[in-house]
Amino acid sequence: MTTINEHIAALLRDPQTGKALATTDMHGVPHIILDQTITINDQGQLVYLELIETSQTNVNLVNSIWFKRKVAITLHTPEETYQIKGVPAYSIICGPVFEHYYRLALERNPDYDLSTVWLIEPEEINADTYAHRKSKEQAEHPLVMHLDRLALGAT
Amino acid sequence: MCAVTVQSASNTGELTLKEVIAKYSGVSPFIIIKSDITRRSFVYTEQALAALDKTKHQYQQRVLIGSNGDGQQAVPVSLLLRDGTSIIAMPSPHARNPYVIDQIDGKLYITDHGEVVEEVEYWYKPDYYDKITSNGTPMWQVASARPQRLDIDPNSHCHFWHKGGACKFCNINANSTRSHKEQNIQKQLQAQDVYETVREALKQPGAFTNLKMSSGSILSGAEIFDDEVEMYIEMLQAAGANFKQRKFPSTLVASAFNERQLARLYENTGLMTYTSDIEIPNEELFAWICKGKHQEVGYREWKRRIIAAVDIFGRGNVTSGIVGGCETAHPHGIQDEAEALKVVLEEAEDFARQGVSMVHCVWVPIQGSAFHNQQTPSLEYYVQLAKGLSDLRLKYSLNADMDNYRKCGNHPDTDLDRGHPVAG
């Protein structure tokens, strides 16, 4: 497990930050959901609250914890984007932690019947804006570009 | 974490846990570990027992079959893996090659010969556990929490034990006699106690997803099991008085009732699903191992009644449990594991084809049962059995939501369904 710095932790705690969780099924088929409530706990684990027991995301997360398959979470604001890759480490379905989040979910919406509290341990964090990706590409693959960009008179 | 090891099958030629996990790479390692720890049993270190907090964890419960704990020391009632899989087992001082639950750096782990296998935690105690009913009965003696299912077992005495007809894998009457003597746990529950305990349990948001009742068989009545049916109606009505709608997620694990009895149960209670265990899915072995059931009802009629229940409760709402591995018991069991598996899965398919899911527990040769000196089959057998039963549900589009990992937790095959749920 890697440590998430305080700046990214603050983004995770901010309900205004756009957050997407990407998982894959047993055949590698991707599935992405948007969920502003994804957050971080005091242990530095990402917290995802699954409301539907047999949703595709939940089934994929079950298979991820069973077979150590990574998932990805993207954080997005108008100024910055980060991608965190990690592994589901705990699927909490009962006990005091579950009941804490069960009550929290109920406060958000009385219709919510929480299924599972997923704790995802981050393993890799990357800034993921266009500027970051472009800078990395130029540093690692300087030959990959179109020639017209180097032509006399090009801007 | 999950640094899976090690030796389990010393000198037997069986594959080790690590080898089985590698061989069956498409089967959840958590469920393989669960099957093996149930099969081999476990013990606690002093450090692990010191981590038991009586204010937070369950350390005593009413159980029908198994044990309420050996010895004087309080022990956790069961274990939970970090993927949410339950391990329904008690430590056994008689185990030949047990796993060890240890505390390392503040966390609890299953260990095997000193190596970490997987992290676990103890089951938490629900809020109602330390409360007392108006009759003075401790509520933990009325309902157990497993951990998201309310288990209410109104009668812990089985009439099949009379005249030597007890199922040879079962210790129900030995356990209930001992529980009564040592802990003053009553063999029969009162309906008012059930009503009050369920009322209290429902005050805890998010704690429970199902209510299950089970009991020893009661043979008396105008027809066999009539008195058992009447007892369940009384108890289910008492529990059901706490719900705002007539039907609520609930399961009965009971004797094989006839259609008239099943209809009475369905029409007069909030019951939604039904289980009657065929126990050993082979007529000859059933006659030997479940002698009383075979003499009083017979294998074919027991099976026919289970399948008839589908017409009343609906497809997917009827399951039948087997004591997985007991079909290999000595001296009359099927000694070749491949042949035993074939026999079991063929019969399971006949049930599935007719709308009934067969589910298995891992046979534990428990003290107080006739088979207490027997040995279970290999771990590989259990992996193949769990996968085979789960695959049958996929083939026949049967879901086992009524008996899933969080409602029962005693069936490795329904635990596997969680990775590929079937729509009902």
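Just wondering, is there one or more residues in region B:154-163 that are part of a strand (DSSP E or B) and open to solvent by 10 Å² or more (accessible area, probe 1.4 Å)? Steps first, answer last, please.
Within region B:154-163, the subset part of a strand (DSSP E or B) is B:154-155.
If we keep only those that are open to solvent by 10 Å² or more (accessible area, probe 1.4 Å) as well, we get none.
Among the residues of region B:154-163, not one is part of a strand (DSSP E or B) and open to solvent by 10 Å² or more (accessible area, probe 1.4 Å), which makes the answer no.
Touching a strand residue (DSSP E or B) at 6+ places or on another chain (Cβ under 6 Å), modelled with pLDDT of 95 or more and open to solvent by less than 30 Å² (accessible area, probe 1.4 Å): is that true of A:Thr74 in this structure?
Details: touching a strand residue (DSSP E or B) at 6+ places or on another chain (Cβ under 6 Å): yes; modelled with pLDDT of 95 or more: yes; open to solvent by less than 30 Å² (accessible area, probe 1.4 Å): no.
Criteria not met by A:Thr74.
Of all residues in region B:397-411, how many are buried (at least 24 other Cβ atoms within 10 Å of the Cβ) and outside any loop (DSSP other than H, G, I, E, B)?
2
Step by step: first the residues of region B:120-150, then only those that are under 27 Å from B:Tyr99 (Cα atoms) and open to solvent by less than 20 Å² (accessible area, probe 1.4 Å), then the one that is farthest from the other protein chains (Cβ to nearest Cβ). Which residue is that?
B:Ser144
With open to solvent by 20 Å² or more (accessible area, probe 1.4 Å) and of a type in the set (A, V, I, L, M) as the only criterion, which of B:Leu379, B:Leu385, B:Leu389, B:Leu394 stands out?
Residue meeting the stated conditions: B:Leu394.
With (1) under 26 Å from B:Asp127 (Cβ atoms); (2) within 23 Å of the chain's Cα centre (by Cα); (3) open to solvent by less than 80 Å² (accessible area, probe 1.4 Å); (4) not acidic (Asp, Glu) as the list, and B:Ala166 as the residue in question, which single condition is left unmet?
Only one criterion in (1) under 26 Å from B:Asp127 (Cβ atoms); (2) within 23 Å of the chain's Cα centre (by Cα); (3) open to solvent by less than 80 Å² (accessible area, probe 1.4 Å); (4) not acidic (Asp, Glu) is unmet by B:Ala166, namely (1).
Kindly indicate the residue of region B:1-36 that is assigned to a loop (DSSP other than H, G, I, E, B) and of a type in the set (Val, Ile, Thr) and also modelled with the lowest pLDDT among those meeting that condition.
B:Thr5
Pick from B:Ala340, B:Ala352, B:Ala287, B:Ala309: which is modelled with pLDDT of 95 or more, surrounded by 24 or more Cβ atoms within 10 Å (Cβ to Cβ) and over 18 Å from the mean Cα position of the chain (by Cα)?
That would be B:Ala309, the only listed residue that is modelled with pLDDT of 95 or more, surrounded by 24 or more Cβ atoms within 10 Å (Cβ to Cβ) and over 18 Å from the mean Cα position of the chain (by Cα).
Closer than 21 Å to A:Arg108 by Cβ, hydroxyl-bearing (Ser, Thr, Tyr), open to solvent by less than 50 Å² (accessible area, probe 1.4 Å) and more than 12 Å from the chain's Cα centre (by Cα): which single residue out of A:Ser64, A:Ser55 fits that description? Break it down stepwise before answering.
Working: A:Ser64 fails: closer than 21 Å to A:Arg108 by Cβ.
After applying the criteria, what remains is A:Ser55.
Filter region A:103-120 down to the residues that are within 11 Å of chain B (Cβ to nearest Cβ) and open to solvent by less than 40 Å² (accessible area, probe 1.4 Å), then identify the one that is farthest from B:Tyr405 (Cα to Cα).
Top of the filtered list is A:Ala105.
In the set B:Leu385, B:Leu389, which member is modelled with pLDDT of 95 or more, closer than 21 Å to B:Gly424 by Cβ and either aromatic (Phe, Trp, Tyr) or assigned to a helix (DSSP H, G or I) (or both)?
B:Leu389
Kindly list, by first and then second residue, each pair from a residue in region A:47-66 that is within 10 Å of another protein chain (Cβ to nearest Cβ) to a residue that is assigned to a helix (DSSP H, G or I), limited to pairs with Cβ atoms under 9 Å and residues at least 6 apart or on different chains.
From residues that are within 10 Å of another protein chain (Cβ to nearest Cβ), the pairs are A:Glu53/B:Asp401; A:Thr54/B:Asp401; A:Ile65/B:Phe30; A:Trp66/B:Pro29; A:Trp66/B:Phe30; A:Trp66/B:Ile31.
Does region A:79-97 contain at least one residue that is at pLDDT 95 or above, within 14 Å of another protein chain (Cβ to nearest Cβ), over 30 Å from A:Asn126 (Cβ atoms) and open to solvent by 20 Å² or more (accessible area, probe 1.4 Å)?
Taking every residue of region A:79-97 in turn, at least one turns out to be at pLDDT 95 or above, within 14 Å of another protein chain (Cβ to nearest Cβ), over 30 Å from A:Asn126 (Cβ atoms) and open to solvent by 20 Å² or more (accessible area, probe 1.4 Å).
Based on this model, can you work out whether B:Ala201 counts as more than 14 Å from chain A (Cβ to nearest Cβ) and in contact with a Phe, Trp or Tyr (Cβ under 6 Å, 6 or more places away or on another chain)?
Values: more than 14 Å from chain A (Cβ to nearest Cβ): no; in contact with a Phe, Trp or Tyr (Cβ under 6 Å, 6 or more places away or on another chain): yes.
For B:Ala201, the condition - more than 14 Å from chain A (Cβ to nearest Cβ) and in contact with a Phe, Trp or Tyr (Cβ under 6 Å, 6 or more places away or on another chain) - is not met.
Does B:Thr414 satisfy being in contact with a strand residue (DSSP E or B) (Cβ under 9 Å, 6 or more places away or on another chain) and in a helix (DSSP H, G or I)?
Yes.
If I filter region B:79-95 down to residues being part of a loop (DSSP other than H, G, I, E, B) and under 14 Å from A:Ile93 (Cβ atoms), which single residue comes out as farthest from the other protein chains (Cβ to nearest Cβ)?
Among them, the one singled out is B:Thr85.
The values are calculated or read from the model by the stated rules, or taken from the named source; none is laboratory data. Computed from a prediction, not measured in an experiment: that's the story for all the values here. Please note: Cβ atoms are built from the backbone with ideal geometry, for glycine as well, and neighbour counts cover all protein chains shown. For the accessible areas, the whole protein counts, side chains as well, though only heavy atoms, and no ligand, DNA or RNA atoms are used. Shrake-Rupley method; radii C 1.70, N 1.55, O 1.52, S 1.80 Å.
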